[in-house]
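One structure is given below, encoded as C-alpha cells.
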Amino acid sequence: MAVLCMVGSILTLMAISVERYFAIVHPLRPRMTEKTTVCVATGIWFFSTLLSLPYLIFSYTYTDERTTCYLEWPDSPENDTDLQAHFTISEQVYNATFMFSTYVVPLIIISYAYARVGIELWGSHIVGEATPHQLESLQAKRKANSVFTCPDEINGRLSKKSSLSAPLHPYCVLHPIFMHAHIPPNQSRSPS
C-alpha cells in the first residue's frame, strides 16, 4: 500500500508541474478538459497499481524472534544458501524500472517544467509603456517565482525529497551487482 501511495503521489506532482508549465508558458493553449483530467488521474493510479503489484504478489513474512516482511521473486532458487540468492534478475529489473519511473523521469520532467516556468516569470517584459497595474502584476509574478528559489517553500520540499531519496534508488539497483562481485568463493551455494 505504501508503494502504491508513493508512486501515485510522485506521478501526481509530475502531472501538476506539467499542468502549471502549460498554464504559464503556453497560456493561450486550451486547458485540459474534465475528461482529459479524469484520464490522467486514472492513468496515474493504474500505473501506480501496476508498479506496486510485485509487493502484493511476492511479499511473504518470516517469523522468528521478530516478524520480517520480504519479497521472494519467482526466479529465486529453492536452496537459499547463496548470499546473492535474494538479488534475482526479476528484482534487478523491477528496481531499475522503479528507479527510472519514480525518480529519474519525474525529476527531469519536474525540473524542466519549473525551470521553464521560472524563466518565463522572471524574463517577462512589459511591451510598450507600463501602467502601474502592469508593474504591480509583474512584481506579483516575480514574488510568486520566489517559491522556486526559497527552499522552505512548498516546491523546495520536492528538491529536498529528491535529494534525500537519491541514494536509495541507485543502492537498490547497484547493490546486487557489487554483492555478486565481492562474494568469496567459499560462501557460494554448493551444487546439489
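A few comments on the model shown:
- The C-beta contact set for the range 67-81 (first residue within 20 Å of N95 (Cα to Cα) and of a type in the set (D, E, K, R), second residue loosely packed, with under 10 Cβ neighbours inside 10 Å and modelled with pLDDT of 80 or more, distance under 9 angstrom, 6+ apart or interchain) comprises E72/Y60.
- Screening the range 56-149 for helices (runs of 4 or more DSSP H) wholly inside it with 1 or more residues that are modelled with pLDDT of 85 or more returns the ranges 89-99, 105-122.
The values are calculated or read from the model by the stated rules, or taken from the named source; none is laboratory data. What you are looking at is a predicted structure, and each value in this text was computed from that prediction instead of being measured. Note that we place each Cβ from the backbone using ideal geometry, even for glycine, and neighbour counts take in every protein chain shown.
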